[in-house]
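The values are calculated or read from the model by the stated rules, or taken from the named source; none is laboratory data. Because the structure is a prediction, the values reported are computed rather than measured. Virtual Cβ from ideal backbone geometry, glycine too; neighbours counted across all protein chains shown. Heads up: the accessible areas ignore ligands, DNA and RNA and are worked out on the full protein's heavy atoms, side chains in. Shrake-Rupley method; radii C 1.70, N 1.55, O 1.52, S 1.80 Å.
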Amino acid sequence: MGKIRIALAGVGNCASALVQGIEYYRRLGTPEAWPPGLMHPDIGGYGPADLEVVAAFDIDARKVGRPVSEAIFAPPNCCYRIIDEVPEIPVPVQMAPVLDGVSPHMAHYPPEQTFVVAQAPPVDVAQVLKDTGAEVLLNYMPVGSEEAARYYAQCCLEAGVSFINCMPTFIVSDPGWAARFTAAGIPVVGDDVKSQLGATILHRTLVQLFQKRGLTVDRSYQLNVGGNTDFLNMLNRDRLATKKRSKTEAVSSLLPPDFEPNNLHVGPSDYVPWQKDNKVAFLRLEARGFGGFPMHLEMRLSVEDSPNSGGCMIDAVRCAKLARDRGIAGPLTSISAYTMKHPPEPMPDDEAARRVEEFIQGRRER
């Protein structure tokens with residue numbers, strides 16, 4: 001089927017996990033030899049190893065100018081090592097416009113924990129995308145980088161590149177942006193990537209289970225703690241409006257319309273540097289069952305945060321490429337609902353999974 005030419009907007013932990021994962025599955029050879037870890041070993045003839053990085057953008061001095069295969073391991077990245085090393089990828093990380101990609105409060109932390117902005121002129125991202133023949137760009141900007149996210153979306157429109165929005169700036173789920181990508185003939189996926197099995201998908205599953213078993217959910221919370229730059233960035237609560245809305249609506253969309261908003265709390269809670277890329281999530285649900293009897297459930301989930309999104313990205317990229325092959329434009333509703341917290345068309349997870357299968361088999365346009 002050929003390669004899928006991808007570009008990375010942000011070479012942080014999530015990009016590191018993705019690039020390592022591509023090489024991990026390439027070394028394993030045929031799908032029959034692959035261990036568990038993939039939701040779809042094959043999508044329209046494309047496997048994980050068919051993704052090829054052709055462009056990458058960042059603002060950190062320890063990454064700009066270095067090959068992607070080295071930059072993914074440079075500080076402040078602290079991603080779990082899926083493999084010891086990645087064969088050389090002779091694609092340099094190019095300097096991007098900083099815009100609002102760096103929160104001011106991060107300047108007060110040690111360099112191994114935060115960003116160090118490179119003193120270099122930014123490249124023309126749209127032109128680089130055209131020159132490299134990129135087909136799909138993954139937006140890995142930090143939470144709250146509203147201006148930067150829209151900049152990359154605009155560059156994709158200019159270059160004819162599919163935009164996969166991994167962060168909670170509402171672009172694919174925004175009717176205005178969606179119409180622009182549809183008119184340009186470009187398939188897109190978003191917004192705000194889910195983990196393969198993270199706090200959000202687990203929270204959603206528990207809420208659905210309670211409801212299917214006839215219990216009434218009265219109150220619930222989800223608290224998350226981690227030690228990577230994402231959690232450090234989110235200490236600035238001014239940058240969290242869309243993130244909190246995205247995570248909250250991923251759960252509240254499954255609850256009754258009259259559910260009291262103050263009885264649901266979902267959001268990042270704190271930054272613990274020594275946790276590195278490990279995220280710990282605490283979930284609590286309070287409900288009533290037969291005759292109004294009370295039921296309280298508490299769970300603790302510990303997971304490596306960045307690799308946990310890699311499986312969703314592998315699927316989102318391949319579905320975007322499949323859509324490009326088929327001439328489909330605009331938001332891809334099924335894969336967006338399956339892999340994103342704030343898709344343009346929210347739906348229960350089992351329905352999203354079914355519709356993704358139908359899309360792959362060609363029985364649905366989106």
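Structure summary
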quantity: Strands (runs of 3 or more DSSP E) fully within segment 256-366 counting 2 or more residues that are charged (D, E, K, R); calculated: 278-288, 294-304
quantity: Strands (runs of 3 or more DSSP E) lying entirely in segment 1-99 (those with 1 or more residues that are closer than 25 Å to residue 276 by Cα and open to solvent by 60 Å² or more (accessible area, probe 1.4 Å)); calculated: none
quantity: Meets criteria (touching a residue at least 40 places away in the same chain (Cβ under 8 Å) and either assigned to a helix (DSSP H, G or I) or crowded, with 20+ Cβ neighbours inside 10 Å (or both)) for residue 163; calculated: no
quantity: Evaluation of residue 334 against (1) open to solvent by less than 30 Å² (accessible area, probe 1.4 Å); (2) modelled with pLDDT of 95 or more; (3) of a type outside the set (Val, Ile, Thr); (4) under 18 Å from residue 22 (Cβ atoms) (one fails), failing number; calculated: (4)
quantity: Test: residue in segment 168-182 that is at pLDDT 95 or above, out of contact with any Gly (no Cβ under 8 Å at 6 or more places or on another chain) and among the charged types (D, E, K, R); calculated: yes
quantity: Residue in segment 56-63 that is over 22 Å from residue 122 (Cβ atoms) and either among the aromatic types (Phe, Trp, Tyr) or at pLDDT 95 or above (or both) present; calculated: no
quantity: Answer from 148, 153 - the residue that is open to solvent by less than 10 Å² (accessible area, probe 1.4 Å) and in contact with a Gly (Cβ under 7 Å, 6 or more places away or on another chain); calculated: 148
